[in-house]
């Protein structure tokens, strides 16, 4: 089938999708990928906070779908100037599968699983700048952690981030995977 029929550009933008529970370290890794690979880190948390305000503070599946739609729109906008983008998701929403399928239809997607224990995630959540993140209860963190762990993905890289990941090693491990995607 021709690319025209697939409605795909000749050279797709690569989107690195960091998947893991809230507090696993996805944002830290995303910022390091931006510095080390030039993979612009798209602040999905900012999109989430904006949508949450628009929806009156209710976190539900409608909220998740609007965040996903806003994220896809932002990636489309940024893909015109950036060949590699990085985003993060907990993968905890029932709409995650549709979101990831939408990303795959538009971009070359590289999934990276980021893991840390629930106590570590909770400690990180409590210690970070609360104004930059969507606030969730410990019970919601536990549920998001369970759902994130249960999400089945074909990942290119698994990162165990319990004690802090080797950020330079992550950059080195992803570099050849991005070169393969650029040739596709």
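Computed quantities for the displayed model
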| item | result |
| --- | --- |
| Identity of the residue in the stretch 121-132, surrounded by fewer than 16 Cβ atoms within 10 Å (Cβ to Cβ) and more than 18 Å from the chain's Cα centre (by Cα), that ends up modelled with the highest pLDDT | 123 |
| Output for the stretch 1-26, where each listed residue is part of a helix (DSSP H, G or I) and either out of contact with any strand residue (DSSP E or B) (no Cβ under 6 Å at 6 or more places or on another chain) or modelled with pLDDT under 90 (or both) | 3, 4, 5, 6 |
| Breaking point among (1) closer than 14 Å to residue 16 by Cα; (2) more than 14 Å from the chain's Cα centre (by Cα); (3) buried (at least 19 other Cβ atoms within 10 Å of the Cβ), for residue 116 | (1) |
| Complete set of residues in the stretch 49-63 that are more than 13 Å from residue 93 (Cβ to Cβ) and part of a loop (DSSP other than H, G, I, E, B) | 55, 56, 57, 58 |
| From the options 135, 182, 165, residue that is surrounded by 11 or more Cβ atoms within 10 Å (Cβ to Cβ), farther than 23 Å from residue 75 by Cβ, touching a strand residue (DSSP E or B) at 6+ places or on another chain (Cβ under 8 Å) and at pLDDT below 85 | 165 |
| Verdict on residue 52 being modelled with pLDDT of 90 or more and touching a strand residue (DSSP E or B) at 6+ places or on another chain (Cβ under 7 Å) | no |
| Enumeration of residues in the stretch 81-95 that are in contact with a strand residue (DSSP E or B) (Cβ under 7 Å, 6 or more places away or on another chain) and closer than 18 Å to residue 48 by Cα | 85, 86, 87, 88, 89, 91 |
| Single condition residue 35 does not satisfy, out of (1) under 23 Å from residue 152 (Cβ atoms); (2) in contact with a helix residue (DSSP H, G or I) (Cβ under 9 Å, 6 or more places away or on another chain) | (1) |
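The values are calculated or read from the model by the stated rules, or taken from the named source; none is laboratory data. Here the structure is a predicted model, which is why all the values come from computation and not from measurement. All Cβ positions, even for glycine, are placed from backbone atoms using ideal geometry, and neighbour counts span all protein chains on display.
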